[in-house]
1. Could you please rank B:Arg120, A:Arg289, placing first whichever residue has the fewest other Cβ atoms within 10 Å of its Cβ?
2. Can you tell me the mean projection area, over all orientations, of the convex hull of the stretch A:2-222's alpha carbons? Units nm², please.
3. A:Leu75 to A:Asn93: extension gain in nm, 0.36 nm per residue of separation minus the Cα-Cα distance?
4. What dipole magnitude, in Debye to the nearest 20, does chain A give about its Cα centre under +1 on Lys/Arg Cβ and -1 on Asp/Glu Cβ?
5. Between A:Val121 and A:Thr13, what is the label-to-label distance in nm when each label sits 7 Å out along the Cα-to-Cβ direction?
6. Nearest 20 debye, what's the magnitude of the dipole of the stretch A:112-183 about its Cα centre given +1 on Lys and Arg Cβ and -1 on Asp and Glu Cβ?
7. Compute the signed sum of charges (Lys and Arg +1, Asp and Glu -1) over the other residues within less than 12 Å, Cβ to Cβ, of B:Ser12.
8. Tell me the mean residue ellipticity at 222 nm calculated for the protein assembly as shown from its helices only (DSSP H runs of n ≥ 4, each -39500 (n - 2.57), averaged over every residue, nearest 500).
Amino acid sequence: MSLLFEAITSEYTIHLCVLCGLYLILAQSLNLTFGLGQLFNLAHVASYAVGAYTTALLATEAESPFWVCVTASVLTSGVFALLLGAIALRLSNDYFAIGTLAFSSVVSSLLINWRSVTHGVLGIPGIPRPDLLGADLYQNSHFLALMSIFVVVTQVLFYLLYSSPFGRALRGLAEYEQAALALGRDTRLIRNFAFFFSSAGAGLAGSLFAYYLSYIDPSSFSLGEMVFILTIVIVGRPGSYWGVIAATIFLVLLPEPLRFLQIDSAYLGPARQLIHATLLFSVVWWKRRVLFPQQRQV
Amino acid sequence: MFDILPQLLANSLITGSIYALASAGLVLTFALLRFLNFAHGHLMMVGAYTFFYFSVAHHLSLAPAAGLTILCMALLGSIVLRVFVQPFLTGNSLLPLVTTIALGSILEAVISIQFGVNVRSLPLQSGIESLEWRGIFITPLQIFIIVSAILILSALAFLIHQTGFGRRIRAVAENSAAAESLGVSRPLIVGVVFLVSVILAGFAGVLVGYETNIQPTMGGSYSIKAFAAMVLGGLGNIWGTVAGALILGLVENLSIGLDFGGYSLPAGYKDAFAFLTILAILLFRPQGLFGTRQRTT
């Protein structure tokens, strides 16, 4: 009996670790556009979906190997961001938010309705776990090991991006655009780069998500998911590298105690959403003077 | 191809009327406070569920249920204004966007916990036949939707353009500081307009509940629809937005209704068409169809 309990808890801990890893990649990549760049990008979840569906389709229809799928997902999501950027980066403020939201809605409408490709609301089942170096990745603990490598690599890459001249330029554009322009920075180019890297990160997360669950459907890429990723970045303070890492772990684990209460499983989802949304509001209320710095004046 | 056109136009008018009621409130608050209420669709959803609660769960007849719903929406509206909107208007313009996103999420979660996540519908009285007029089928409910939209929007037009109070609303929207220095009470104007906006949202939600069905997750997509109408008409332009709502209804119904040489689009694509319309407008005519281009200083 106690052995069984241990087995369940360990599988459960592994699952939580995989979730943390997934959201670390998603949140840190959104942090690049939303945090550093102050671009209210509501289409991040669409990039995530593009990555997940690319892997799912390649792995099931074409039976492509792991590396091909991951690379394809990252690149497709990156290129997708350039398409989004071509439209959204011409807009500012409220229009930017509406534009990215509309773009994201077009994508989710395609996921539901383009049945011949995406199988609509039924989703794509039977995505095989990757076959790598003879490791049995059907075991979740082994998958977690593979996932950790990707998480560490992306976190290091994003750290380097944040402290690079590119990261500083992006931050500068958000704080005082005219000054950055006067210093010869190419606004459009820098923001397109930010979009590309951010979306490529989401694509990688999507690919790993598809492999992990081995089944994807449009409900995983809803507006609610977007709000959750946004919550992580805001709670961790937009633009803060370590803050977002801490917030990811905190927010993924926060609603877990609910599982051990005797709550009907139908209420779990809404209860989790309520906790996250209330926390989002409290943080914005508490930090409303400093959360998004007023634009710098010279 | 064109024999179903009259029916499609009638359907467009019905959808457009609901969107017009939903977006009229949104555009009024945007004109006054310059912020986008992301929770507007969620407030519609709450209105529909409140009405459902009184009329179906508590078997109240139409008039008391409607009265109580309006009362609840007004109460909710004043809490939302005090807690979620006003404290955030002075800082960065992203703040009220984020707080209303949080509000929408909270409302969705609370309604899901209270009523369950399943689809519900508001039951119509049985025994009402749909009417036919020159090949157009229309139900009494749909006639009610169109007539009530016309009446409410006319009343709104009268309030804004013909009364002293309306002049004060327009003054605050145009230049808040100047209006206040001339003795216009901005908090009163903002409060009244926001309550009207929330009550209109609730009314539109109830109409959606009768015409189709209601679900806790419906809020987000109706917010986007209302934004779409506003973008079509030009942000902050009230009558442009009402026209935008009607155009949106038209685009949705025509895009799936007409068949283009034996090829017609499945019904699910009508949302995609609505959103593509927003993107096209944002790209090629950002001031909206009826707006004039503003110069930034």
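1. On the way: B:Arg120 16, A:Arg289 12.
With the sparsest Cβ surroundings first, the list reads A:Arg289, B:Arg120.
2. Working: hull surface 53.8 nm².
Result: 13.4 nm².
3. Details: separation 18, 0.36 × 18 = 6.48 nm, distance 2.77 nm.
3.7 nm is the gain from fully extending A:Leu75 to A:Asn93.
4. The calculated dipole for chain A is roughly 1160 debye.
5. 3.9 nm
6. Numbers: 4 positive and 4 negative charges, 19 e Å.
Dipole about the Cα centre, nearest 20: 100 debye.
7. Numbers: positive: B:Lys270; negative: B:Glu252.
Charge balance near B:Ser12 sits at 0.
8. Working: 23 runs with 410 residues, N = 595.
Computed ellipticity for the protein assembly as shown at 222 nm equals -23500 deg cm²/dmol.
We did not get these values from a lab; they are worked out from the coordinates using the rules stated. Quick caveat, the model's predicted, so the values are computed rather than measured. FYI the Cβ positions are ideal-geometry reconstructions off the backbone, even for glycines, and counts take in every protein chain you see.
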